[in-house]
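Take a look at the structure below.
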Amino acid sequence: MTSSKPLVLCLSGHDPVGGAGIHADIEAVAANGGHAISLITALTVQDTAQVQRVQSVPAVLLAQQLQTVLADCTPAAVKIGLLGEAAQIPVIVEAIAALQIQIPLVLDPVLRAGGGATLAGTQTIVAMQTQLFPCVTVLTPNAAEARRLAPQAGTDADRAQVLLRQGCRNILVTGGDEAGAEVCNIWYRDGAAPQHYRWPRLAETFHGAGCTLAAALATRLARGEAMPEAILQAQRYTQTSLQAALSVGRGRRIPGRLP
Ligand code: PLP
């Protein structure tokens, strides 16, 4: 079966206010020319300010969904965001291996919400690093997540080396939540100097920026764009979405991902 749009398999949490998670994925994938196949890893109780609760979808249910969908549809890329529980990770790894095709996998390691809530426990982080990282084409941590994933490393470059050695082929560390007049994102890979991208810092922080970037990147890779172009265009799309941010509640604004 052929599709006029590349399919992007998205595994993410559900955020009822539509800023982050699967809602962000579906919009960003569509806006970048793909079609999202959407599997929900967790339900959340949250508003535009903070996450109050994460309820995992049972790993066996996720396994059944993956088996059913992937027997029918062939994705051109995978985007993974929030994971509900560590037991989901081997299920996802097995389902992707069973595809028997090499497709790009973008992992946004969602560890902590902008509002402060912890979104991944130690068991999930360990399973992510040992089982999922070797499958990852691009890891997109924010700077705080990179520090948490490689706490023993002293510099940004050392942290990136640790994550590359754990199997991720590319690391795009985002600086939206760091201080500074500009947002600096850095692309690390083996055998090349780090590439810095600088964007004007907007006057506020947003809810769902990281999900938007990772889903746009997965879609651009699904379309066959080369890595440098996909990384640049996904950031450009995210910046444009943040400039068009929507107010849907009393907390942070959410990216305006659709025209
Ligand atoms: N909820 C879900 C389902 C998410 O995937 C994320 C982050 O990826 C968040 C909440 C937190 O998003 P933010 O830190 O942008 O507020």
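Observations on the structure shown:
- Number of residues in the stretch 161-189 that are within 24 Å of Pro200 (Cα to Cα) and among the hydrophobic types (A, V, I, L, M, F, W, C) equals 9.
- From the list Thr41, Thr68, the one residue that fits, being over 23 Å from Arg169 (Cα atoms), surrounded by 14 or more Cβ atoms within 10 Å (Cβ to Cβ) and of a type outside the set (A, V, I, L, M, F, W, C), is Thr41.
- Hey, Ile101 closer than 22 Å to Leu217 by Cα and in contact with a strand residue (DSSP E or B) (Cβ under 9 Å, 6 or more places away or on another chain) or not: no
- Cross-chain or 6+ apart pairs with Cβ under 9 Å, the stretch 8-20 first and within 17 Å of Pro109 (Cβ to Cβ) and open to solvent by 10 Å² or more (accessible area, probe 1.4 Å), then aromatic (Phe, Trp, Tyr) and assigned to a loop (DSSP other than H, G, I, E, B): none
- Of all residues making up the stretch 9-27, the number that are within 12 Å of the ligand (Cβ to nearest atom) and either in contact with a Phe, Trp or Tyr (Cβ under 8 Å, 6 or more places away or on another chain) or part of a helix (DSSP H, G or I) (or both): 6
- Gln233 being over 25 Å from Gly18 (Cα atoms) and away from the ligand (no atom under 16 Å from the Cβ): no
- Restricting the stretch 95-129 to residues that are under 18 Å from the mean Cα position of the chain (by Cα) and among the polar types (S, T, N, Q), the residue that is modelled with the lowest pLDDT: Thr118
- Qualifying residue in the stretch 246-258 (condition: more than 16 Å from the ligand (Cβ to nearest atom), surrounded by fewer than 17 Cβ atoms within 10 Å (Cβ to Cβ) and not small (Gly, Ala, Ser)): yes
- When Ile80, Ile96 are checked against the criterion of being closer than 15 Å to Leu11 by Cβ, open to solvent by 20 Å² or more (accessible area, probe 1.4 Å) and in contact (Cβ under 8 Å) with a residue 24 or more places away in the chain, Ile96 stands alone in meeting it.
The values are calculated or read from the model by the stated rules, or taken from the named source; none is laboratory data. Quick caveat: nothing in here was measured; it's all calculated off a predicted structure. With ideal geometry, Cβ positions are generated from the backbone for all residues, glycine too; neighbour counts draw on all protein chains shown. For the accessible areas, the whole protein counts, side chains as well, though only heavy atoms, and no ligand, DNA or RNA atoms are used. Shrake-Rupley method; radii C 1.70, N 1.55, O 1.52, S 1.80 Å.
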